[in-house]
Every structure is written in structure tokens, then in C-alpha cells.
Amino acid sequence: MRVLVTGGTGFIGSHLVRRLIDAGNDVHVFARKSSDLFRIQDAASEITLWRGDVTDFDSVTRTVDAVAPEIVFHLAGDTSGRRWSRGFSELDASIDVNLLGTLNLLRALHRAPKPPGRFIRAGGLAEYGDAPVPFDESARELPVSAYGASQAATTVLLSALQSQLSFLVITLRFAAVYGPGRSEEFFLPALIVRCLEGGEFEMTSGDQPWDLLYVDDAVDALLCAAEAPAASGEIVNIGSGCAYTLREVAERAVAKIGSGRLRIGAISASAGDIRKLYCRIEKARRMLEWEPRVDLDAGLDRTIAWYRQRAGKPA
């Protein structure tokens, strides 16, 4: 099967690309010119790489027309607006990449001589923001960050357009995905790397309950969504089904690492942080026949082992 993966050099995308290759698919990856291939360098000879940007309609169209994908996994996105740290300027990248970039891809696929059969998009629980927990797919979105708002707007746009599109559209709203290869800009990798160095890790009070999803389970959900019977426009939460406070996660990680020290409460929560981030996953179980398989302890063990092996190497 010809598969196009946008954002295929990123964290979740790189894990998905390997699984698609192992299954014998003809895998095409669409990535920015500036994207580093370190996550998929061992698989580079087994994919077709297309350079471009979702904000550039011409490069998107050229790629779509040349590949003629049977299925598209849209994982490209900008996460810089997860917290309000630069004010309204954070809106620009979020809207340009997450909203308008997705629209560029939809337009190119819709007008293609041979549209795909299915379009699977990665969203996130940040779209719910301050909605009541556990998040349910029927809840009204109340995003609290530029990133969450742009993702929620994209989901609404897909819902409005799905009846006009010639292919099936599914949005998966992922919990906080972690695992080998995650950027150190995120909480858990930053903690692991700092503690492996024997240093102190500053964090908030850590009383926020979050759902952490291991990356292999996220990839399983994407693959299930590619095959499951579904109506176009479906929104499906993908999480572990468990909520742990960030303090509990951090303490477990430090105990497993055996070095480093937590400075709990050393920093204040940032504007845009989601206090409670966990969801119901009954719809995923029912519609996708998907079930998370990696619990937090196993996931932490695998993740810490990966970063331990890379300790001292360039990021």
C-alpha cells in the first residue's frame, strides 16, 4: 500500500514509519527541508523522502500528485504554542501549520486525480483544555493555549468539510505521548536526561493528573484507525486509560534511574498549562478495537533505557 506520512521524521512519525515498513508498505515521508533525519536514519533507504512544508501549497500538491497515496497519516504540526510565553506571536505558527497547513493538505488531496481512501490526523487532548475530565469526545472544547486552540479549530474544520471530501477522515486525540526519541523540550525526557546526568530537576508541585501514553500504543492506534470501519469525521480519544500526577511519574522515574534529585515546587505553573489531562477511551476500544498494552512502569523502563544508551551523545 502506498502511504504518505507528514511529519514522518518526528517522534510519533518515526515510530510509525518503521512499523509501516515492516508491514511491507510503500512508505513516503513528507518533511521540511530543515527536518533532521536522525530518528529514521536507519530506515532512510527504505522510504521515499519528499521535502516541502505544509504551509507551502505548491510543495504539498507536487508531493500528493506524485505519490498518489492510498492512505495519509497527517502528523505534521507545530507544538510551540503549548504555553503562553511569547504572547500573541505564538498564534502565528500554530495557525499557519496546524490549521492552514492541514487545509493545504486537504485541498491537495481533494483535487488529486486519485484521492486517498483514508486521512488519519493526529490531534491531542490539549483541544479539550478546561473541559470536565475525564475528557469525552462529545465534550465542548475549551482550549487554554494557542496550540490547543489551533488543533481544536482544525478538528472543527475537518468536521465541517468531511461531507464534501472524497475520502474518509478520522481525528485521533492523543494523550501525552512519551517514549524513545521524544524531544527534551517535553517534561519526561527533560527529567530523565537531567537525572541521568546526576543533576537537579526543577518542576511545579506536580499535582496535575495526566494520562501518559507510550508511543507504541499510539502507533497501534494509528494503524487500527487505518483499517477500522468508521464514519468520516469521527473523533477518537487515545490514551492509556489511567491518570497519574506528574509528581508520581517523576518520582517513579527518579527511583528507576537511581540518580538525580527532584526540586518539587521550584517553579510555578505556566499560563496555558492544562491542570487535568486524561480521557475516556471506550470509543477507541469499541470503534477501533484498540487497547493500550504498555503500562507506565514498562514504558518508563524502555524510555529510560533508550536515553541511558544515548547519554553523552549529541541531542
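Quick notes
- Residue in segment 288-303 that is free of Cβ contacts under 8 Å to residues at least 40 places away in the same chain, surrounded by 13 or more Cβ atoms within 10 Å (Cβ to Cβ) and within 21 Å of the chain's Cα centre (by Cα) present: yes
- Count of segment 257-287 residues, restricted to those that are more than 18 Å from the chain's Cα centre (by Cα), within 30 Å of ALA226 (Cβ to Cβ) and in contact (Cβ under 8 Å) with a residue 24 or more places away in the chain, is 2.
- Among the residues making up segment 203-216, those that are in contact (Cβ under 8 Å) with a residue 60 or more places away in the chain, surrounded by fewer than 23 Cβ atoms within 10 Å (Cβ to Cβ), in contact with a Gly (Cβ under 9 Å, 6 or more places away or on another chain) and not β-branched (Val, Ile, Thr) are MET203, SER205, ASP216.
- Residue, surrounded by the fewest Cβ atoms within 10 Å (Cβ to Cβ), within segment 55-72, restricted to residues that are aliphatic (A, V, I, L, M) and in contact (Cβ under 8 Å) with a residue 24 or more places away in the chain: ALA68
- Filter result (at pLDDT 95 or above and buried (at least 19 other Cβ atoms within 10 Å of the Cβ)) within segment 261-275: LEU262
- For segment 21-54, the set of residues classified as part of a helix (DSSP H, G or I) and either of a type in the set (Val, Ile, Thr) or touching a residue at least 40 places away in the same chain (Cβ under 8 Å) (or both) consists of ILE21, ARG39, ILE40, listed by residue number.
- Test: residue in segment 295-304 that is within 25 Å of SER80 (Cα to Cα) and in a strand (DSSP E or B): no
- Checking SER150, SER166 one by one, the residue that is touching a residue at least 24 places away in the same chain (Cβ under 8 Å), part of a helix (DSSP H, G or I) and hydroxyl-bearing (Ser, Thr, Tyr) is SER150 and no other.
- Of the residues making up segment 110-128, those that are surrounded by fewer than 22 Cβ atoms within 10 Å (Cβ to Cβ) and either more than 20 Å from LEU75 (Cβ to Cβ) or of a type in the set (Gly, Ala, Ser) (or both) are ARG111, ALA112, PRO113, LYS114, GLY117.
Rundown of residues vs (1) surrounded by fewer than 18 Cβ atoms within 10 Å (Cβ to Cβ); (2) closer than 22 Å to ALA131 by Cβ; (3) not aliphatic (A, V, I, L, M), yes/no style:
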| residue | (1), (2), (3) |
| --- | --- |
| VAL193 | no, no, no |
| PHE201 | no, no, yes |
| VAL219 | no, no, no |
| LEU222 | no, no, no |
| GLU234 | no, yes, yes |
| GLY239 | no, yes, yes |
| GLU251 | yes, no, yes |
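- Flag for ILE120 being touching a helix residue (DSSP H, G or I) at 6+ places or on another chain (Cβ under 6 Å) and in a strand (DSSP E or B): yes
- The condition of being touching a His at 6+ places or on another chain (Cβ under 8 Å) and either over 20 Å from SER145 (Cβ atoms) or at pLDDT 95 or above (or both) holds for only one of ASP216, ASP220, that being ASP216.
- Failed condition for SER85, given (1) buried (at least 22 other Cβ atoms within 10 Å of the Cβ); (2) polar (S, T, N, Q); (3) modelled with pLDDT under 95: (1)
- Elements of type helices (runs of 4 or more DSSP H) in segment 184-259, at least 2 residues being within 30 Å of LEU165 (Cα to Cα) and in contact with a helix residue (DSSP H, G or I) (Cβ under 7 Å, 6 or more places away or on another chain): 215-225
The values are calculated or read from the model by the stated rules, or taken from the named source; none is laboratory data. What you are looking at is a predicted structure, and each value in this text was computed from that prediction instead of being measured. When we count neighbours, we look across all protein chains shown, and the Cβ atoms used for this are built from the backbone with ideal geometry, even at glycine.
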